[in-house]
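Here's the structure, in structure tokens; my notes come after.
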Amino acid sequence: FHIVRASWLHSAGARSLGLVNRRSLKRFHSVISVSPAAASFAKTVFGIDSVIIPNAVTVKKMRHEPIVEKTPHIVFLGRLVERKGCQYLLAALVQLQRQYKGAFKVTIAGKGPLLAKLKQYADKQNLKQVSFGGFIEESDKPALLASADIAVFPSTGGESFGIVLIEAMAAGSRVVLGGNNVGYQSVLSDHPDLLVDVQNAKTFANRLQYFLEHPSAREAAARWAKIAIKQYDVDVVGKKLLEQYYG
């Protein structure tokens, strides 16, 4: 199970699907959910008990030598759609440039239907620190994420896990900041200052400013991520998956 409730319509559709497939579902010996939120959805909507095994990342493939630049670098990487929250990042950046006098730069990487609207907004708000990098190939993701002093994933919901979070952690982003939704909580709850209410521009801007102003906080977040990412490595998760099939 990789899904959580995104809307009442989503839940209603899933319940209907569960009724249609109720006989088939009984034939499974074991069901896996990628997070507590996904497991709750499976139980509530489908009536299924499941074991929780997170998504995995190949850490050695994602890991990149740190890229440290003189100007702190904020990176957004994702689809430019409403749910991924890039519009809230830009609103926070407007607030940030009002209250923070230090230098920083921002890369918005990705494509999607909101691209033109987001560019227009950035121009209108005179966000000169922001550049739009367009689509990023998979092979280029580690280097981009390794250059991030703050990698920001401001999704508002509909996330069952946080694969982008563990990719950034594996690549070596110093700070991995996520929207405070149930999927991202499953990855970042042990470091709660990495979760933020992205729809509150002031709160969001303050959190960005805190990490920009405190290199020691960035270093602490990076140390935590280096340890935390080990549990998501494919060598660890893969064994748990195999146990479900052959254990």
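Some notes on this structure:
- Considering each residue of region 111-127 in turn, none proves to be within 26 Å of A222 (Cα to Cα) and either surrounded by fewer than 21 Cβ atoms within 10 Å (Cβ to Cβ) or not charged (D, E, K, R) (or both).
- Taking the conditions (1) part of a helix (DSSP H, G or I); (2) open to solvent by 10 Å² or more (accessible area, probe 1.4 Å); (3) not small (G, A, S) in turn, L208 satisfies each one other than (2).
- The residue that is most open to solvent (accessible area, probe 1.4 Å), counting only those in region 23-37 that are among the hydrophobic types (A, V, I, L, M, F, W, C) and modelled with pLDDT of 80 or more, is F28.
- Subset of region 178-196 [of a type in the set (A, V, I, L, M, F, W, C), under 20 Å from I53 (Cα atoms) and surrounded by fewer than 22 Cβ atoms within 10 Å (Cβ to Cβ)]: V182
- Candidate set from region 38-50 (those that are open to solvent by less than 50 Å² (accessible area, probe 1.4 Å) and not in a helix (DSSP H, G or I)); member that is modelled with the highest pLDDT: S50
- Scanning region 91-122 for residues being among the aromatic types (F, W, Y) and within 14 Å of P72 (Cα to Cα) gives a total of 2.
- Flag for A171 being more than 12 Å from the chain's Cα centre (by Cα), buried (at least 20 other Cβ atoms within 10 Å of the Cβ) and of a type outside the set (S, T, N, Q): yes
- Index of the failed condition, Q199 passing every other in (1) of a type outside the set (D, E, K, R); (2) part of a helix (DSSP H, G or I); (3) within 17 Å of the chain's Cα centre (by Cα): (2)
- I163 of a type outside the set (F, W, Y), touching a residue at least 60 places away in the same chain (Cβ under 8 Å) and open to solvent by 60 Å² or more (accessible area, probe 1.4 Å): yes
- Output for region 55-85, where each listed residue is open to solvent by 30 Å² or more (accessible area, probe 1.4 Å) and closer than 30 Å to H29 by Cβ: N55, A56, T58
- Unique match (being in contact with a strand residue (DSSP E or B) (Cβ under 9 Å, 6 or more places away or on another chain) and free of Cβ contacts under 8 Å to residues at least 60 places away in the same chain) among D123, D197: D197
The values are calculated or read from the model by the stated rules, or taken from the named source; none is laboratory data. A quick note: this is a predicted structure, and the numbers were derived from the prediction, not measured. Virtual Cβ from ideal backbone geometry, glycine too; neighbours counted across all protein chains shown. For the accessible areas, the whole protein counts, side chains as well, though only heavy atoms, and no ligand, DNA or RNA atoms are used. Shrake-Rupley method; radii C 1.70, N 1.55, O 1.52, S 1.80 Å.
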